[in-house]
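Reviewing the structure listed below.
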Amino acid sequence: MEKEKINHFAKVPVDKQSRNAVDNIFRLNHVNQTRLSLMADAKANIMITVASVVFSIAIANLDNELMRWPLLTFAFGCFFALLFAIFAIIPKTDYPKDATGDIDRTSPDFNPLFFGHFAHIDIDEYKEDYAEKLMSDDLVYDAIATDIYGQGKILALSKYKFLKWSYMSFLWGMVGAIIMFLLRGPIGLVR
């Protein structure tokens, strides 16, 4: 049984002043989402660079007997920091599929504004979907809200999750390396 689609934006006033306010809210929200996505990508790129350099230096200096285990520990943390940072920037272009594996344009998850979805339909279908969304203000608002929601979901459940794991891996690798150094060197509990 197919779920009936609820028109959440049917009651939004369409007078000029209200329309400007709604448009500004959507624009602000969309710009903020885009900015957060760019920030996440920039941070992931920084982690990729830093983790790669530190990993390379750590592996190149493994011949130092006192530093071997601390460097291996740090290299281990850098490896996972690098891996998670790469996961954070891998584009998410999944699309809703029907039983045959084709794109399901009737799915509530289908978003004709997202390139990962409309790239799987021909130009006439795309124009048809787009024209349908432009028929009324409430359908335009619904399409924009769906797009913003999809972006936010990817940010929260993918980009920032993997970015956090990347930072934590780097941090724990560094802390582990310091502990290993202290135990092997100045404190001398481990030989």
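We did not get these values from a lab; they are worked out from the coordinates using the rules stated. Quick caveat: nothing in here was measured; it's all calculated off a predicted structure. When we count neighbours, we look across all protein chains shown, and the Cβ atoms used for this are built from the backbone with ideal geometry, even at glycine.
Taking the Kirkwood radius as Rh and the Cα radius of gyration as Rg, the chain has a ratio of Rg/Rh equal to 1.20. Computed from phi, the 3J(HN,Hα) profile of the stretch 154-164 under the Karplus parametrisation 6.51, -1.76, 1.60 (θ = phi - 60°) reads 5, 4, 6, 8, 10, 4, 6, 5, 5, 5, 4 Hz, with x in place of Gly and Pro. Along the stretch 135-140 the Karplus relation, 6.51 cos²θ - 1.76 cosθ + 1.60 evaluated at θ = phi - 60°, assigns HN-Hα couplings of 5, 8, 4, 5, 6, 5 Hz to successive residues, with x for each Gly and Pro. In the chain, the longest principal axis of the Cα atoms and the axis of helix 123-133 are about 70 degrees apart.
Using a Förster distance of 45 Å, how high is the FRET efficiency between L28 and E65, based on the Cβ-Cβ distance and rounded to 0.05?
0.20
Helix 16-60 versus the longest principal axis of the chain: what is the Cα-based angle in degrees, 0 to 90, to the nearest 10? Once rounded, one gets 20 degrees. For the pair the stretch 155-179 and the stretch 115-130, the centres of their Cα atoms are 38 angstrom apart. The packing ranking, built from the mean of other Cβ atoms within 10 Å per residue, places the peptides 137-150, 14-27, 100-113 in the order 137-150, 100-113, 14-27, highest first. Mean residue ellipticity at 222 nm, helices only, the chain: -22500 deg cm²/dmol; runs of at least 4 DSSP H residues each add -39,500 (n - 2.57), and the sum is divided by the number of residues.
Between the helical axis of 68-89 and the longest alpha-carbon principal axis of the chain there is an angle of about 10 degrees. Springs between Cα atoms under 10 Å define the GNM used for the chain, and in it the highest mean-square fluctuation of F87, F79, F115 occurs at F115. In this structure the amide hydrogen of K97, modeled in the peptide plane, comes within under 5 Å of the amide hydrogens of D104, none closer than 5 places in sequence on its chain. Computed from the C-beta positions of H8 and I90, the FRET efficiency with R₀ = 35 Å rounds to 0.65.
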